[in-house]
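To keep things clear, I will list the structure first and then write my remarks on it.
The values are calculated or read from the model by the stated rules, or taken from the named source; none is laboratory data. If you're wondering where the values come from, they're calculated on a predicted model, not measured in any experiment. As a convention, Cβ positions derive from the backbone with ideal geometry for all residues, glycine included, and neighbour counts pool all protein chains shown. Side chains are part of the model used for accessible areas, which takes the heavy atoms of the whole protein and leaves out ligands, DNA and RNA. Shrake-Rupley method; radii C 1.70, N 1.55, O 1.52, S 1.80 Å.
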Amino acid sequence: MTSTGGMLSTRRRTVAGVLFRVGTYVALILVVGPALWILIGVVARAVPHWKWSVLTTPTKGTTGGLENALLGTLILMLGVLIIAGTTGVLAGIHLAELAKPRRNGKSSGGLLRTASDVLSGFPSIVLGYVGYVALVVGLHWGFSLLPAVIILSIMVVPYIAKSTESALRQVPNNYREGAAALGMSMGYSLRKVVLKSAIPGIVTGLLLALAIACGETAPLIYTANFTDALPGASLIHSQGFPYLTYPVFTFYNQPSQEAHYLAYDAALLLVVIVLILLVASRVIVARTQRHSESAGT
């Protein structure tokens, strides 16, 4: 009886292991499948009609190229990197290093964390409408670069703050204790020791936030509108600002075939930009893991 019960138990564990492995493969297919479907669909529609002149010709109505939209998207990403990057990194540093624990032993910064969680849960179209009411109409800035950058920055700041806090908390306490033993002040050790070790994780969060920002459409429709002109030097009162997601969203519904080709080209450029950012983030994550392993040994 004992041997029979042991065999049944072994079979159950074997079947459970096989079912678990099959379930992981199914989950992997459900995650990777849609991504590959989108990627292959965009490439298959854009590559047969691709022309390099798209990168050097501005949009003219629903014809021309995408030079203005590509430059506008890159400028938006640079603005988000400056505003959201600075705000998010400083917020993450405060939560991880400067927020002193309470008397009951619990960590402080609960209000900042709650505000960050609430902000990350807002739909992007709601943030876009708030930007339209407060910045475009309320402050009379019009459809321009600055309102668009501010709203996109507000949208991705929580992601940057969380990634910065997580990267800083992964730095071993031995680094901080060693810096204190050498007589370094908290600010000096933070700049020279802790942040230096956490930079790969922080940069990863910044790149992922930029990937999210460059693919947004709803906030930009409310704050930047669109224009065929090349991006100018004016931050406000520019009567619109170009970006790549607008042709994808709008030109596909136009009757002309050339407008459809521009929509496919814009989608391909967005995919290339996002893939570059994601690959860069994965490389940085791999380096971060190797650094952590070497520090642990």
Residue that is at pLDDT 90 or above and more than 30 Å from VAL157 (Cα to Cα), where the choices are GLY23, GLY85, GLY72: GLY23
Hey, ARG12 over 25 Å from ALA209 (Cα atoms), open to solvent by 60 Å² or more (accessible area, probe 1.4 Å) and either part of a helix (DSSP H, G or I) or modelled with pLDDT of 85 or more (or both) or not: yes
Residues being surrounded by 13 or more Cβ atoms within 10 Å (Cβ to Cβ) and more than 12 Å from ILE154 (Cα to Cα) - total across the range 111-124: 2
Any hit, the range 144-161, residues being over 22 Å from GLY215 (Cα atoms), modelled with pLDDT under 95 and either part of a helix (DSSP H, G or I) or open to solvent by 20 Å² or more (accessible area, probe 1.4 Å) (or both): no
Elements of type helices (runs of 4 or more DSSP H) contained in the range 167-264, each with 1 or more residues being within 17 Å of LEU90 (Cα to Cα) and open to solvent by less than 80 Å² (accessible area, probe 1.4 Å): 186-189, 195-214
Residue tally, condition in a helix (DSSP H, G or I) and either in contact (Cβ under 8 Å) with a residue 24 or more places away in the chain or in contact with a Ser or Thr (Cβ under 8 Å, 6 or more places away or on another chain) (or both), over the range 39-66: 8
Any chance LEU127 is modelled with pLDDT under 95, crowded, with 22+ Cβ neighbours inside 10 Å and in contact with a helix residue (DSSP H, G or I) (Cβ under 7 Å, 6 or more places away or on another chain): no
Selection status of VAL137, open to solvent by 50 Å² or more (accessible area, probe 1.4 Å) and assigned to a helix (DSSP H, G or I): yes
